[in-house]
Amino acid sequence: MFMSMAALAKAADNSIKNPVSKSLKYLFAAHYDYLEFRQIFQNYMPVYDDVVHFLPDDKFAIVEALHKIAKEYDLHETYSYFYIEYKYKNKVVMSIWTDNWWIEPHGEQKQWTRNIHVRLRGSSRPEYQKNVQSYGEEFVKYFFRHLNYCSCCNPDHVVGKKGIRQVLGKNARICSPELRGEIDNPTIEDLPYIRKYIDLRIKEILEQG
């Protein structure tokens with residue numbers, strides 16, 4: 001076991017000297033963290049099957065559906081360990097974590113489970129909020145339910161009013177200047193809403209040029 005780990009560590013370090021390409025990030029640290037022993041024999045980059053192969057059937061079906069939706073929009077994907085990022089005109093539209101940790105609320109930590117997490121990028125521009133409202137009251141309710149509210153990740157976000165922003169006329173303490181959709185364990189019912197997020201993001205990208 002120790003010989004295997006040593007070989008993996010050496011191969012991962014060597015990938016710094018010989019990256020997959022000049023334009024792609026090499027994953028020498030992740031290769032070691034995730035025990036990717038293929039790195040010993042090749043300068044390896046994850047592909048779609050690596051990101052989804054361990055999923056149970058129900059979660060795999062959702063990721064497959066999201067992947068097909070991304071293809072419909074001609075989004076370009078890149079892969080990391082348990083992570084897919086989709087871009088339009090080189091701007092991030094959607095990210096999927098297939099092995100995201102979820103912790104019980106209130107810090108009890110009695111049960112840890114893995115889940116799929118989907119992040120849908122938005123914008124900080126007022127025009128983006130107007131476009132959100134144009135999708136109607138039902139989508140606005142969904143949008144607020146899955147807004148990127150701050151979970152006290154940074155003291156600056158929760159001290160005073162610094163992290164509070166106006167979102168569709170309401171105060172919300174969110175975790176970044178841009179508004180995003182954050183969806184844990186999406187189901188088939190979430191897919192029409194996710195399409196609307198993608199439409200909004202692509203419209204935003206095209207409006208900004």
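Bear in mind that the values in this text are calculations on the coordinates, not laboratory data. Just so it is clear, the structure is predicted and the values come from calculations on it, not from any experiment. When we count neighbours, we look across all protein chains shown, and the Cβ atoms used for this are built from the backbone with ideal geometry, even at glycine.
So, counting K/R as plus one and D/E as minus one, what does the shell of residues with Cβ under 15 Å around F37 add up to?
-2
Distance cut-off 25 Å, Cα to Cα: go down the list K89/K130; K130/K170; K10/K87; K87/K130 and report the pairs above it. Long pairs (Cα-Cα over 25 Å): K10/K87. From least to most packed, judged by other beta carbons within 10 angstrom and beginning with the fewest, D199, D57, D50 follow the order D57, D199, D50.
Distance between the 7 Å Cα→Cβ label points at F37 and K10: 1.6 nm.
With neighbours defined as other Cβ atoms within 10 Å of a residue's Cβ, the residues H67, H31 order from fewest to most as H67, H31.
Each residue in T187, T98 was given a count of other beta-carbon atoms within 10 angstrom of its own, and listing them fewest first yields T187, T98.
Neighbours of S151 by Cβ distance under 11 Å: Lys/Arg scored +1, Asp/Glu scored -1, total 0.
Neighbours of A12, meaning other residues whose beta-carbon lies under 10 angstrom from its beta-carbon, give a summed charge of -2 when Lys and Arg score +1 and Asp and Glu score -1.
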